[in-house]
Amino acid sequence: MNTYQARKWSKNILWYIGAIIISLITVVPLIWTLSTSFKSDGEILSSTLSFIPQDFTLDHYKEVFQTTPFARYLFNSLVLAIGGVITNLFFGSLAGYAFAKLPFKGKKATFMVFLGSMMIPSVVTMIPSFLVLKNFPLAGGNDILGHGGIGLINTYWAILLPGAAGAFSIFFMKQFFETLPSELAEAARMDGCSEFKIFWRIYMPLAKTALATLGIMTFQSGWNQFMWPLIVLNSQEMMTVQVGLAAFQYNESANYGALMAGTVLATLPVLIVFIFAQKYFVQGIAHEGGK
């Protein structure tokens, strides 16, 4: 074996060692969480560390649903995550198509504003967004001037409306639509198709991989939201799973088994979505990387 081959082998070995170490650091806590959720209280508090439960039990999962309205938390998060996916896919695609394929005045300046908004920390816009939602006219007991009630606070709309068309979704879909040939739209216009029909019937079916990729990322972001739902959803029946899990952790800080069971339940939906859509996700990433 010459020097070049020796260096190549040593680099490969070091790469695999690093990948294995990073994988263990990432996966071991997840395995420990899952294992702990099936252990009895006595086994959890014992000094021995084992990844395989010796006394397998589902009591902690039952306890999560008995002590808190965890099913309601899951339902709320599911509604908000799916609603966020639908609105971002539709409005993000619609705006992305307009920026990519339609000529209009101020297009570049408007797009730069969208890009600039991605650089603004979300905490900066929380107070203005809260005030807009609270003073929304004719909602939540408000009059036409937005006074007298709570507006859209403590409703699903308080989560869905501010993020209905995120700047990232518009940017992502614009970049994808720019890779598709404009001749398709020109031929459809010659046949008398309306602009929306061109977008809906021609370009949207070609964007399945991009939509799947954006949908996974939007679902994960919506499901894992914590700070904004904590601010605008102030009743227990409107809590999301992340807020409910934090409240459960505060109230039951020593109940490790139930806490791990709740964590597993909160993780499952994102994992399931990724497993079923990973093919499109990988294709979308490969397409964007190939550009």
Turns out the helices (runs of 4 or more DSSP H) fully within the stretch 207-282 with at least 3 residues that are touching a residue at least 40 places away in the same chain (Cβ under 8 Å) and farther than 19 Å from ALA71 by Cβ are 208-223, 227-232
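Would you point out which residue out of PHE176, PHE172 is touching a Leu at 6+ places or on another chain (Cβ under 8 Å), modelled with pLDDT of 90 or more and buried (at least 18 other Cβ atoms within 10 Å of the Cβ)?
After ruling out the rest, the residue left standing is PHE172.
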In this structure, is VAL113 closer than 20 Å to VAL232 by Cβ, out of contact with any Pro (no Cβ under 7 Å at 6 or more places or on another chain) and assigned by TED's automatic domain parsing to the domain that holds ILE198? no
GLY244 modelled with pLDDT of 85 or more, at positive phi and in the same structural domain as LYS279 (by TED's automatic domain parsing)
no
For SER194, the lone unmet condition from (1) among the polar types (S, T, N, Q); (2) more than 29 Å from GLN278 (Cα to Cα); (3) under 29 Å from the mean Cα position of the chain (by Cα) is (3)
Out of (1) assigned to a helix (DSSP H, G or I); (2) closer than 29 Å to VAL232 by Cα, the one ALA139 does not meet is (1)
Discussion item. Checking the structure you have, find out if any residue of the stretch 86-108 is out of contact with any strand residue (DSSP E or B) (no Cβ under 7 Å at 6 or more places or on another chain), exposed (fewer than 15 other Cβ atoms within 10 Å of the Cβ) and of a type in the set (Ser, Thr, Tyr).
Written reply: no
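The values are calculated or read from the model by the stated rules, or taken from the named source; none is laboratory data. What you see is a predicted model; the values in this text were computed from it and never measured. Please note: Cβ atoms are built from the backbone with ideal geometry, for glycine as well, and neighbour counts cover all protein chains shown.
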